[in-house]
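> Handing you this structure, nothing more for now.
The values are calculated or read from the model by the stated rules, or taken from the named source; none is laboratory data. These numbers come from a predicted model, not from an experiment. So basically every Cβ, Gly included, is an ideal-geometry build from the backbone, and we count neighbours across all protein chains shown.
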Amino acid sequence: MKVEVLTVEEVLPLRHAVLWPNEPVAFCRVAEDDTGAHFGIRQHGEVVCVASVFFSGDTARLRKFATRVECQGQGMGSVMLQFLIEHLRARGVRVFWFDARASALDFYQRFGFAVEGERFYKHGVAYYRMSRVL
């Protein structure tokens, strides 16, 4: 599995299909998409895992991390997250953070991320803020 740089147009369809399929595609865009870094993993030429990262000084925020449902459990998310940690560290990023769905806490904790604060909700879905120092 190889992580590659993608455009926002390449990551948007999978974001929509996995994260918010019952919302309009525009709901899956974020204001900073034009300045973010977008990454993906392809399988048989098709984008099956995506993640976007947004920078502010020596801090980076992960947003819209998604893997096709039928591809989950095959290690793609782990490959992506490990790539991002190493890539960001090499770029001089010191703190890597994101809002994680409550259902994914164990996954992120395996990579050294810790919960910050209390559970909160976005559009009826439970989240926790998580971060780690790189």
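> If a residue must be outside any strand (DSSP E or B), within 17 Å of R63 (Cβ to Cβ) and more than 14 Å from the chain's Cα centre (by Cα), how many such residues does segment 105-128 contain?
Result for segment 105-128: 1.
> So, in segment 74-104, exactly how many residues are out of contact with any Ser or Thr (no Cβ under 9 Å at 6 or more places or on another chain), farther than 25 Å from R119 by Cα and outside any helix (DSSP H, G or I)?
Qualifying residue count for the region: 3.
> Go through segment 4-42 and give me each residue that's assigned to a strand (DSSP E or B) and over 23 Å from S103 (Cβ atoms).
E4, V5, L6, A37, H38, R42
> Does segment 13-24 include one or more residues that are free of Cβ contacts under 8 Å to residues at least 40 places away in the same chain, small (G, A, S) and surrounded by fewer than 20 Cβ atoms within 10 Å (Cβ to Cβ)?
no
Matching residues to (1) modelled with pLDDT of 95 or more; (2) in contact with a helix residue (DSSP H, G or I) (Cβ under 7 Å, 6 or more places away or on another chain):
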{"site": "L84", "(1), (2)": "yes, no"}
{"site": "A90", "(1), (2)": "yes, no"}
{"site": "V93", "(1), (2)": "yes, no"}
{"site": "F96", "(1), (2)": "yes, yes"}
{"site": "A104", "(1), (2)": "no, no"}
{"site": "G117", "(1), (2)": "no, no"}
{"site": "S131", "(1), (2)": "yes, no"}
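> From the list V25, V8, V3, V47, exactly one residue is under 23 Å from S131 (Cβ atoms) and either over 15 Å from the mean Cα position of the chain (by Cα) or among the β-branched types (V, I, T) (or both). Which is it?
V3
> So for segment 77-90 (the condition being loosely packed, with under 15 Cβ neighbours inside 10 Å, more than 15 Å from A37 (Cα to Cα), more than 13 Å from the chain's Cα centre (by Cα) and not hydrophobic (A, V, I, L, M, F, W, C)), does at least one residue qualify?
No; the residues of segment 77-90 include none that is loosely packed, with under 15 Cβ neighbours inside 10 Å, more than 15 Å from A37 (Cα to Cα), more than 13 Å from the chain's Cα centre (by Cα) and not hydrophobic (A, V, I, L, M, F, W, C).
> Okay, next question. I'd like to know if segment 48-59 contains one or more residues that are surrounded by fewer than 21 Cβ atoms within 10 Å (Cβ to Cβ), assigned to a strand (DSSP E or B) and aromatic (F, W, Y).
Yes, segment 48-59 contains a residue that is surrounded by fewer than 21 Cβ atoms within 10 Å (Cβ to Cβ), assigned to a strand (DSSP E or B) and aromatic (F, W, Y).
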